[in-house]
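I have placed the structure first, in the form of structure tokens, so that the comments after it can refer back to it.
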Amino acid sequence: MLKGFKEFILRGNVIDLAVAVVIGAAFTAVVNSIVTNIFNPIIGAFAKTSDLTNALVLTIGDAQIKFGAVLGAIIQFLIIAVVVYFVFVYPINLAKNRAQKLRNQGVVEPDAPITELDLLTEIRDLLQTQAAPPSASGKHAE
């Protein structure tokens, strides 16, 4: 039981996931700070209030509907989406496209990661060589 848990914890993807969660939490704190300390006061100034949370508030009886707080959450989401796209997705897609162009040209980088297509091609080639009929040799070859 303990051995299985140890294998689970030391698996590479579990550690990668843990690192991603920690970095994501730290990144969220930075984005929250940017929205709270920069965007909220700027938008709040246009709405003539101290910050975005108190801007665009609709009061119905004792209830308050805070459209400014929702707008702040949307701004946070957009900032996170833009950063994730331009820092992670876009560069990775560029690298994949570059590697694919090199593969299509028959040039393979020595440090290029092996893809599933590369492995499947290699397996296919090995199976073809193994399935080829043996060439006849010896005195009964004819």
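List of remarks:
- Residues (in contact (Cβ under 8 Å) with a residue 40 or more places away in the chain and within 14 Å of Gly72 (Cβ to Cβ)) located in the range 14-43: Thr28, Val31, Asn32, Ile34, Val35
- Within the range 74-84, tally of residues that are loosely packed, with under 12 Cβ neighbours inside 10 Å and at pLDDT below 85: 2
- In the range 47-54 there is no residue matching the filter, namely being in a loop (DSSP other than H, G, I, E, B), among the basic types (Lys, Arg) and modelled with pLDDT under 75.
- In the range 55-68, the qualifying residues are those that are out of contact with any Phe, Trp or Tyr (no Cβ under 8 Å at 6 or more places or on another chain), of a type in the set (A, V, I, L, M, F, W, C) and part of a strand (DSSP E or B), and the one that is nearest to Ile79 (Cα to Cα) is Ile65.
- Where Gln128 falls short, out of the listed (1) loosely packed, with under 12 Cβ neighbours inside 10 Å; (2) of a type outside the set (D, E, K, R); (3) closer than 30 Å to Thr28 by Cβ; (4) modelled with pLDDT of 80 or more: (3)
- Just one of the listed residues (Arg11, Arg103, Arg98) is modelled with pLDDT of 80 or more, of a type outside the set (S, T, N, Q) and out of contact with any helix residue (DSSP H, G or I) (no Cβ under 6 Å at 6 or more places or on another chain), and it is Arg98.
- A search for C-beta distances below 7 Å between a residue of the range 74-100 that is aliphatic (A, V, I, L, M) and any residue that is modelled with pLDDT of 85 or more and loosely packed, with under 12 Cβ neighbours inside 10 Å, counting only pairs 6+ apart in sequence or on different chains, returns nothing.
The values are calculated or read from the model by the stated rules, or taken from the named source; none is laboratory data. Bear in mind the structure is a predicted one, so any value in this text is a computation, not a measurement. Please note: Cβ atoms are built from the backbone with ideal geometry, for glycine as well, and neighbour counts cover all protein chains shown.
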